[in-house]
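Working notes, structure below.
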Amino acid sequence: MFSLVPLVVLFPLAGFAANAFFGRQLGAARAGLLAVLAAGAAFLVAVVQLAALAGNGFAPVTVPVAEWLRVGDFHVAWAFQVDTLSVTMMLVVAGVGTLIHIYALGYMREDVQHNGDPGRYPRFFVYLNLFLASMLVLVGADNFLMLFVGWEGVGLCSYLLIGFWFEKGAAGLGNARAAMKAFVVNRIGDFGLLLAMFLIYWTFGTLTFSELFERLKTVRLDATGQLIVTAITLLLLLGATGKSAQLPLYVWLPDAMAGPTPVSALIHAATMVTAGIYMITRNHVLFALAPQSMEVVAWIGAATALFAGTIAVAQTDIKRVLAYSTISQLGFMIAAVGLGAYVAGMFHLVTHAFFKALLFLSAGSVIQAVERGGAQGGAHAGQSAEAHHDPQDMRFMGGLWGKLPITQWVFLIGALALAGLPPLAGFFSKDEILLDAFEHNPAIFWVLVAAAFLTAFYMGRQLLLVFFGQPRSTAAAHATESPAVVTTPLIILALLSFFGGLLNLPKFGLYGYAGSLLLKEFLSFSVEAEALPFNAFVAGLSTVLALAALGLAYVLYGRAQATAQDRDPLAALLGPVFGWLRDKWYVDELYGFLVVTPFNTLSQLAARALDLGGVDMTFNNLGELARAVGAGLARFQLGYARRYALVMFLGAVAVLAYFLIAR
Amino acid sequence: MDVLFSTLTTVTAFPLVGVVILLFMRGEQKTALRWVALTTALITFGLSLLMLAQFSIAPGFQLVIRTPWFRVGDFAADFYLGVDGISVLLVLLTTFLVPIAIASTWEAVQDRVREFLIAFLLLEVGMVGVFLALDLVLFYVFWEFTLLPMLFLIGIWGGERRTYAALKFFLYTFAGSIFMLVAIVWLGLSYGTFALPELMARGLPAGTQTWLFLAFALAFAIKVPVWPLHSWLPDAHVEAPTAGSVILAGVLLKLGTYGFVRFNLGLFPQAAVQFAPFLGVLAVIGILYGALVSYAQADAKKLVAYSSVSHLGFVMLGLFALNPLGLQGALLQMINHGLSTGALFLLVGFIYERRHTRLLSEFGGLWKVMPIYAALALVVFLSSAGLPGLNGFVGEFTILLGAWDGYAHWGFAAAAALGVILAAVYLLWLFFKMFQGEVTNPKNAGLPDLTRREVALLVPLLILIVWIGVYPQPFFDLMAPAVDALAANLSAAALAVR
Amino acid sequence: MIPTSYYLALSAVLFAIGVTGVLTRRNAIIVFMSVELMLNSANLTFVAFARQFMDLSGQVFVFFVMVVAAAEVAVGLALIVAIFRSKQSISLDELNQLKG
């Protein structure tokens, strides 16, 4: 059964290849169906792997597929590591992935109409299948190099999907720029991962996870060794900050919302961005040897959680709020793994995949509802004065409650799960992270608590702005519910977001109830799992704060705003600080000033001054010098053959004379 | 007769058959001329596959043929050919790229077709000869022999500033090879033989290695080109016809890196150990500098040309890591660069044939107009940018991994790895400027997508790009024994130096 | 018997006349004839020495020189005709295309 694991990659890959080469001939309907089947098949394979693991006593297994690289002593293979950690990831990736594939069947059909290029429909599924294949390579890899293939592969798919509407966005180039930004920023992180691999190989002599961890168990680190391991882990962290959008490399993720909504849900919320957390968890043995690095990891996560939360409260784009929220939640996970709470991190990863995918997909449903409303409303009123506003801008929504009978409820579930209200999934997973922080590092605990407060606040704000109050545009007033192919995955995800907490219920020592701790038991076959007893203070505090934040949001946004042009109530409260939050602390501008502009200048300088003016000029001048010398000598060449003969004659006479006289 | 019909002689000389046939044909029968040249090139490729079939994975030269060529006093040169793990892939690359390049001229070259094709086939003879020659004089003859056809390809069928570019190309390379000629003559006169294996077996004293190394290195460094001797390359590329650029980037630059492996590392190992840090620094500068300058270019072909400086920097970095990882990575990267950059120049050529410009500012939004072109270009760009799963990554990773340990300091590899980021920057920039966004220039609106012929040119390259990316082991296996022997020799030299 | 030195002197005179002709005359044909004159003076020297040393190789050389001269005449006259056709003149002063 384990030997089936390559299929988890091969199915999506086959779907990718079939649609890439024959997508146009197949037509939209069949291309989409094929992609969904490929994703579903991958999910089935993942389930089979789960069963196989259960039959094997949950012991990890390595499944070699083929030789890849063997040069000198260096050797890596295409091989899969099947253990509880990778199977958890496979299930999430393929499971959520399949749901999003189904959702995309309906969503993209409207999206391609709306954007005016129906022929591009199959291409979306080409990318989506390729993404699934790459992501499954990433999580299934048994060595760093194969992980890196998946790592960059998902980055490529992210690039392609952000730029799916490459001719749209600001000045027709915005989306393409966002895509480029995502790829390049990710490459900076990948640079760290590359260097980490070099260091690992030359220190421990292998890039295979199982061999590396085996060696690490017996290794005794001297001071240099300690330094190297710290360097390795920090470089791995650099990789993780790129892919998982942490400080300082998070800047690409908000812009990545330029991609179609299913992409935002699948890649930029549920799966790809969690790769960094997965990678750190996978290398927990390494990180355990570098306590300073762990500290850094935890602080980066906590700082990101708070920082992104502050930005999220002032955004007006429905997807951007969710994007910053994703960064913030990823910060929670990174903080968790930094604290050594790998199970808590993975738990939050799983539940977050559920409710954040749900939120994005519902947001997509809302956006299309508004788009439909705009088209319909415009037709009704016969006017298009305000028909051209951004359908993602929450200021133009409002009053959607009742118009979207399914979307409204699933969105509510998702939002409350994210806000961390019991008994929804987000409560349990976030609570576990807070609990670990509380026990191990109080400073981080309080930072995370603040971030959690902000989370509940901005979700409350979003709910109120989108669904309640009066419609602030004709489009919002005429919004209609999405078709069943879109809402069915939403309902499934809503159920998962609601009951996801059951995956790892804590031990309620208070009531003598044992709890299940399913995920903890399961993952303990792969990572060290520590189960802290249920802490009523932490749970109570986070619940109270979440409720307080929702209450604050209600106080501020509960009274209906009449028009889209109204000033944001928060702006009145915060004053000039609000401007900083809205403009994202000017980080993009700072990076532009510190990195992008100098790089462009340097490049121009190198090309003009240094290359053409320096190197090329030097050698051309050398050539000119030779030419000048030649031209000088050429003046003796008059071109009269008889003159040459005369010179020859005189020369001969001179030579003769020399021999006759000098001797 | 054995010599004449031996595998290596036929691989080298078969294009001459085509040349003779072309000489007897009339210049107006353009299609027939092209078919003759293409068939000749394809048969030559077939012959090189035959060579591959006869090749066995082992160290040392194989399929060797040797016959006296001329003798003047002590000065005796042989017609001496042989192939080993280092050269076998390069020969295959050459015979593989030439038919593709010839086929790419089907519509692009319309005047003096016969002369063009003759020059091309002669060029192939020279290139294959360089890779196979084991006699220094023979090597030099082939080396210079490649120069003239290329000079004419640029100078006659080139762009506007073709004379300038051709002359620059010629003078640069010729100036370098003069030093090599002196070194070759000195070697022959001092040791009484020009045969490479015999010279290698004898071993040269450390003192003489130094200046011989430098003389050879200058010739090769110009060809590679190693920074700062690269400034002929952008001009030559920009002015050369597409097929010329494909061969120039695909094979001719490899003559330089091949020379480094064969002579500078093989013949002067101790000097190589001493000069390795120096060349490593030049390689790293080349990687970063090429990438930076590439990003600033306004002309697509120039951008690709400068990217070659960067990519060849990786090859040099791998070679002078002097360990099996670096060497094998570098040898594979030579092939990769030939495939990827060859494809890049083909792609640039396709759009040039349609629009007669290569300025990036003229394009934008081509993805909408030419989807097949965009998709194929994307794969090639990514291969060049070193995306894992495609060929470029395998080479670059192996090189960097080797360089991490091969140089005195890990900083060489770390700095070079920055080039991986920069490669993404300039290649995505190129893709962005050409393919993404709206179609802003009305001249681009009605462009036809790639024809079947054009796609057929790219498909073999793409197959290899993916193959090497996913399963490079057969390629590594071919070169492993030869490289291991070379590396062992080099590490012995390193011990001797210390 | 006439001493060899006489022949040599005559040969030297002939050679000098030839050189002067080459250097001073403008007409290509006359220059050409002067060159022939120089060749024949060399021939005379060869024959003279051959007789003195009773060695036939000198005579053989003369034949070679005559063959070369004949070939040269053929090529040279052809060149002159060609030049005349293109320039309508065979004055050497107008042929300065070698000027650098």
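Summary of computed values
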read-out: Within the range B:393-411, considering residues that are touching a helix residue (DSSP H, G or I) at 6+ places or on another chain (Cβ under 8 Å) and of a type in the set (Gly, Ala, Ser), the one farthest from the other protein chains (Cβ to nearest Cβ); value: B:408
read-out: Hits in the range B:308-329 - residues which are part of a helix (DSSP H, G or I), away from chain A (no Cβ under 11 Å) and of a type in the set (A, V, I, L, M, F, W, C); value: B:312, B:314, B:315, B:316, B:317, B:319
read-out: Some residue of the range A:290-305 being part of a helix (DSSP H, G or I) and within 30 Å of residue A:103 (Cα to Cα); value: yes
read-out: Residue that is modelled with the highest pLDDT [pool: residues in the range A:553-576 that are assigned to a helix (DSSP H, G or I) and crowded, with 18+ Cβ neighbours inside 10 Å]; value: A:553
read-out: Test for residue B:414: is it surrounded by fewer than 24 Cβ atoms within 10 Å (Cβ to Cβ) and more than 12 Å from every other protein chain (Cβ to nearest Cβ); value: no
read-out: Residue in the range A:587-604 that is of a type in the set (D, E, K, R), part of a loop (DSSP other than H, G, I, E, B) and either in contact with a helix residue (DSSP H, G or I) (Cβ under 8 Å, 6 or more places away or on another chain) or modelled with pLDDT of 85 or more (or both) present; value: no
read-out: Selection within the range B:257-274 - crowded, with 24+ Cβ neighbours inside 10 Å, within 27 Å of residue B:91 (Cα to Cα) and over 17 Å from the mean Cα position of the chain (by Cα); value: B:264, B:265, B:268, B:269, B:272
read-out: Qualifying residue in the range B:174-188 (condition: within 23 Å of the chain's Cα centre (by Cα), assigned to a helix (DSSP H, G or I) and over 17 Å from residue B:214 (Cβ atoms)); value: yes
read-out: Of all residues in the range A:146-162 being free of Cβ contacts under 8 Å to residues at least 40 places away in the same chain and aliphatic (A, V, I, L, M), the one that is farthest from the other protein chains (Cβ to nearest Cβ); value: A:160
read-out: Verdict on residue A:596 being surrounded by 11 or more Cβ atoms within 10 Å (Cβ to Cβ), away from chain C (no Cβ under 14 Å) and under 30 Å from residue B:228 (Cβ atoms); value: yes
read-out: Some residue of the range A:649-660 being surrounded by 13 or more Cβ atoms within 10 Å (Cβ to Cβ) and within 14 Å of chain C (Cβ to nearest Cβ); value: yes
read-out: Test: residue in the range A:600-615 that is more than 22 Å from residue B:310 (Cα to Cα) and charged (D, E, K, R); value: no
read-out: Any hit, the range B:377-392, residues being farther than 27 Å from residue A:602 by Cα, modelled with pLDDT of 90 or more, buried (at least 24 other Cβ atoms within 10 Å of the Cβ) and facing another protein chain (nearest Cβ under 9 Å); value: yes
read-out: Unmet criterion (only one of (1) more than 17 Å from residue B:427 (Cβ to Cβ); (2) assigned to a helix (DSSP H, G or I)) for residue B:227; value: (2)
read-out: Only one of A:607, A:631 that is in contact with a Phe, Trp or Tyr (Cβ under 9 Å, 6 or more places away or on another chain) and in a helix (DSSP H, G or I); value: A:607
read-out: Considering residues of the range C:61-100 that are farther than 30 Å from residue A:639 by Cα and surrounded by 12 or more Cβ atoms within 10 Å (Cβ to Cβ) only, the residue farthest from the other protein chains (Cβ to nearest Cβ); value: C:62
read-out: Those residues of the range A:38-63 which are surrounded by fewer than 16 Cβ atoms within 10 Å (Cβ to Cβ) and polar (S, T, N, Q), in sequence order; value: A:56
read-out: Any hit, the range B:342-359, residues being away from chain A (no Cβ under 11 Å), over 27 Å from residue B:228 (Cβ atoms) and of a type in the set (Lys, Arg); value: yes
read-out: Condition check for residue A:183: over 14 Å from the mean Cα position of the chain (by Cα) and at the interface with chain B (Cβ under 9 Å from one of its Cβ atoms); value: no
read-out: Subset of the range A:64-76 that is surrounded by 18 or more Cβ atoms within 10 Å (Cβ to Cβ) and among the hydrophobic types (A, V, I, L, M, F, W, C) - its residue that is farthest from the other protein chains (Cβ to nearest Cβ); value: A:76
read-out: Flag for residue B:289 being under 25 Å from residue B:483 (Cβ atoms) and modelled with pLDDT of 90 or more; value: no
read-out: Qualifying residues in the range B:275-305 (those that are of a type in the set (Phe, Trp, Tyr) and buried (at least 20 other Cβ atoms within 10 Å of the Cβ)) - the one farthest from residue B:159 (Cα to Cα); value: B:289
read-out: Subset of the range B:352-366 [at negative phi and either within 18 Å of the chain's Cα centre (by Cα) or surrounded by fewer than 23 Cβ atoms within 10 Å (Cβ to Cβ) (or both)]; value: B:352, B:353, B:354, B:355, B:357, B:358, B:359, B:360, B:361, B:362
read-out: Selected residue [among the acidic types (Asp, Glu) and surrounded by fewer than 21 Cβ atoms within 10 Å (Cβ to Cβ)] from A:190, A:222; value: A:222
read-out: Residue check, residue B:480 under 28 Å from the mean Cα position of the chain (by Cα) and either within 8 Å of chain A (Cβ to nearest Cβ) or over 30 Å from residue A:71 (Cα atoms) (or both); value: yes
read-out: Where residue B:444 falls short, out of the listed (1) closer than 26 Å to residue B:351 by Cβ; (2) more than 7 Å from chain A (Cβ to nearest Cβ); (3) in contact with a Phe, Trp or Tyr (Cβ under 8 Å, 6 or more places away or on another chain); (4) modelled with pLDDT of 90 or more; value: (4)
read-out: Qualifying positions in the range B:367-376 - at the interface with chain A (Cβ under 8 Å from one of its Cβ atoms) and either in contact with a strand residue (DSSP E or B) (Cβ under 9 Å, 6 or more places away or on another chain) or surrounded by 22 or more Cβ atoms within 10 Å (Cβ to Cβ) (or both); value: B:367
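The rows are residues; the columns are (1) out of contact with any Ser or Thr (no Cβ under 6 Å at 6 or more places or on another chain); (2) in contact (Cβ under 8 Å) with a residue 24 or more places away in the chain.
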residue	(1), (2)
B:3	no, yes
B:6	yes, yes
B:9	yes, yes
B:15	no, yes
B:28	yes, no
B:33	yes, yes
B:36	yes, yes
B:40	yes, yes
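The values are calculated or read from the model by the stated rules, or taken from the named source; none is laboratory data. Note that the structure is predicted; figures quoted are calculated from it, not measured. Glycine also receives a Cβ, built like all others from the backbone with ideal geometry; neighbour counts cover every protein chain displayed.
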